[in-house]
Structure formats: C-alpha cells, structure tokens
1. Out of (1) crowded, with 16+ Cβ neighbours inside 10 Å; (2) in a strand (DSSP E or B); (3) not acidic (Asp, Glu), the odd one out for ILE11 is which?
2. Restricting to the range 83-118, give me the number of residues that are surrounded by 14 or more Cβ atoms within 10 Å (Cβ to Cβ) and under 13 Å from VAL50 (Cβ atoms).
3. Determine if the range 30-45 includes at least one residue that is modelled with pLDDT under 80, in contact with a strand residue (DSSP E or B) (Cβ under 7 Å, 6 or more places away or on another chain) and open to solvent by less than 50 Å² (accessible area, probe 1.4 Å).
4. Does the range 65-76 contain at least one residue that is over 27 Å from THR121 (Cα atoms), modelled with pLDDT of 95 or more and either under 13 Å from the mean Cα position of the chain (by Cα) or of a type in the set (Ser, Thr, Tyr) (or both)?
5. For the range 92-136, which residues satisfy the criterion of being more than 24 Å from THR21 (Cβ to Cβ) and either hydroxyl-bearing (Ser, Thr, Tyr) or part of a strand (DSSP E or B) (or both)?
6. Could you check, for the range 71-78, whether at least one of its residues is in a strand (DSSP E or B), aromatic (Phe, Trp, Tyr) and surrounded by 14 or more Cβ atoms within 10 Å (Cβ to Cβ)?
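The values are calculated or read from the model by the stated rules, or taken from the named source; none is laboratory data. If you're wondering where the values come from, they're calculated on a predicted model, not measured in any experiment. Neighbour counts run over all protein chains shown; Cβ positions are idealised from the backbone, glycine included. These area figures cover heavy atoms from the full protein model, side chains too; ligands, DNA and RNA do not enter into them. Shrake-Rupley method; radii C 1.70, N 1.55, O 1.52, S 1.80 Å.
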Amino acid sequence: MTIGPAESMDIPAIKRIANDTEMFDVDGAGFVDDVLAGIVDGSLHDHHFVVTEAADGAVIGAAYFAPEPFSDRMWNLYFIAVHPNRQGSGIGGALLDYVEHRLYAAGPDTAQVLIVETSSTDRYARTREFYPKQGYAEEARIRRFYGPDDDKVVYWKLLMA
C-alpha cells in the first residue's frame, strides 16, 4: 500500500469510493473534479488530495485537506474515505496519519490544528468512533446542521508537539 498525491487519472476511482461509501451521490462527488483541477492548475495551491493505492495500483482510499478559511493555522479534513471492501483494515488510519504528518512537517507557522466534521446519524456511527481512537476530541456539535435529525459533529486535534 502506498499513499501519495492524487492525480487527474485518480478522479474516477475517488468518485467511485465516495459513491460506494454513500458519502455522496454521483453528482455530489463532482467536487473531486473541481478540487483536483484547482490543485493541478495552481489555483488551489494550498489544498491537497491524497490517495492510497493497493499493491496492484488500484485506488482504495482518498483524503482531501485544506486550510480552514478565516482561521489561524487551522486545517480541515474535508474528505476521507476508504473503499467499503477495505474498511476496518487500517487504511483510514494510515491516510489520516499521512495527512497529520504532512501538516506537522509544514511546521507550526503553517498548521497547528486539524479539524474534521461529520454527521450525527447512525450511518456515521463508525466514523464517530474512529476519530477519538485517532486522538481527536469532539469539539462541537451544531444541532440540525444537515437536517432536522442530523447534527454536524466537529472533531479537533492539536498537531504541534
């Protein structure tokens, strides 16, 4: 398994993972096109999309992170997903670790905190169990954010030593 920057040719696989994990429908996963295009053309120079590839080169996981606008050295992990057939095998943890190490290596003048947002629905219960195991604390809960019975849950982690 290898982890590295996503390339344009990874777009279909990332969209498929987003769709297969039911994070987004096919139309909702279109953000991948825009983000990777911006990364490639330099308009989103501080945004990063990374992928995990299996030994055969198949993309089995992806993550997207960028600075949180209007904040002081805070970053947001906007997207992280692992193909459903590979979940529970440590790939998500490896992806998150990779993201954290990239931000830590950027230094405290660039990155100090990483936040992650997710849903409060039962469908995301495993996700909400995952982040505390990775050292994240639940920092906030915004009621009814995604809908009447769907809160936004925000996790927080200090990246500095």
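1. (2)
2. Total meeting the criteria: 10.
3. Checked the range 30-45: at least one residue is modelled with pLDDT under 80, in contact with a strand residue (DSSP E or B) (Cβ under 7 Å, 6 or more places away or on another chain) and open to solvent by less than 50 Å² (accessible area, probe 1.4 Å).
4. Yes, that holds for at least one residue.
5. TYR104, THR110, VAL113, listed by residue number.
6. Yes, there is a match, as at least one residue in the range 71-78 is in a strand (DSSP E or B), aromatic (Phe, Trp, Tyr) and surrounded by 14 or more Cβ atoms within 10 Å (Cβ to Cβ).
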